[in-house]
Amino acid sequence: MPVIFDHDRIFAALADPTRRDIVRRAIDGQEGVAELAEHYSMSFAAVQKHVAILERAGLVTKRRRGRRKVVHTNVGAIRIAQNLLDRYQDLWHARIDRMTEIINETSEEADR
Amino acid sequence: MTVTAVHKDPKALTMTITAEFEASPERVWQLWADPRQLERWWGPPTYPATFTTHELSPGTRTEYHMTGPEGDQPHGYWDIVEVDPPRLLVFRDGFANEDGSPNEALPEGEGRVTIEAIGGGRTRMSIENRFPSTEAMEQVLAMGMEEGMKQALGQIDAILAEGPARIG
C-alpha cells in the first residue's frame, strides 16, 4: 500500500522525543513493539500508541519477519522533514551573508 | 561567521536564525527599510528581487518580484504588521499574482525581526519565521530559491576560505 506523505503529520510525529528515539532504534528493523517497549519506562500500550502515530505519518512501517512483526523506519520520510527545515535554514544563511557584504561595503566606504 | 544560532522547531513550524553584525542597529535596520538594499539580499544572485512598493509602516503592503534566469518572474508581497525602528519588524509574507494582488491559493508566512545593540559596536538580529504548514514552507522554497541558493552558498565558502573575519 503506498504511503501518502503528509508533512504536517511527519513534523508532529517527530516533535516527541520518545518517537524520535523509536525512529532511531527502528532503522535496523530488528524489534517488534514489545521489544521496543522494553527500552522505555512507559507502558506497552503507550509505546504502541507512539508507534501508531509514527505509522500514520509514514515514518515507520510494520513488516513481517518470520512469525514476528518488526517496526521498520522509513528513512525517506525522515529525509523529507529534515530537508525542508535545512533548506530553509540555508536560504536565510545565504541572505544574512549578503547582508554582511552590504554592511562591510558601507563601512569600508566610511573608512576611506 | 555572522550567523550565531539557528533554532528549528518542527512542531511549531518555526525557524529562528540569529546573526551578529559589526554595525549599529540603525545600520542593520536600513537593510530592511531601504528597498534598494533589501533587493540586494532578499533574492539569490540568480533570482534578484525588485521591490516596487516598500514603505515599512503598519498596514501597508510591500510588493516585489524576482526575476529568474529564464525570465520567469515570481511575485510576492509583505503585509506590514508592526514596525518599531530600529528594533522590531513584523510582517506576513505571501505569494502574489502578476498584478501584485495576493495569491490566496497559496499560504502566508510570518516573519518577526528583532534588532538589538549588544555592545562593542555590535548588533544582534534575530528572525523568526513561522509557517502555517509544511506545504507553505515547501512553496517558499520552490519559489526559484534552490538553484540560486547553491550559488550563494558557494560564494560564502569562498569568503570563508579567505580566512577568519576581523574581530572587534
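The values are calculated or read from the model by the stated rules, or taken from the named source; none is laboratory data. Predicted model, so just to flag it, every value in this text is computed and none were measured. Backbone-built Cβ (ideal geometry, glycine too); neighbour counts: all protein chains shown.
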Exercise for the section: Show the residue pairs that are 6+ apart or on different chains and have beta-carbon atoms under 6 Å apart, the first residue being within the range A:37-55 and free of Cβ contacts under 8 Å to residues at least 60 places away in the same chain and farther than 22 Å from residue A:10 by Cβ, the second being assigned to a helix (DSSP H, G or I) and among the β-branched types (Val, Ile, Thr). Expected result: A:37/A:47
Exercise for the section: State whether one or more residues within the range A:84-107 are over 22 Å from the mean Cα position of the chain (by Cα) and modelled with pLDDT under 85. Expected result: yes
Practice task
Could you check, for the range A:53-60, whether at least one of its residues is away from chain B (no Cβ under 14 Å), surrounded by fewer than 16 Cβ atoms within 10 Å (Cβ to Cβ) and modelled with pLDDT of 75 or more?
Solution key: yes
Handout entry: Selection count where residues are within 11 Å of another protein chain (Cβ to nearest Cβ) and at pLDDT 90 or above, scope the range B:107-121
Key = 2
Problem - Filter result for residue B:9 (without any contact (Cβ under 8 Å) to a residue 24 or more places away in the chain and either within 19 Å of residue A:88 (Cα to Cα) or touching a helix residue (DSSP H, G or I) at 6+ places or on another chain (Cβ under 7 Å) (or both)) - result: yes
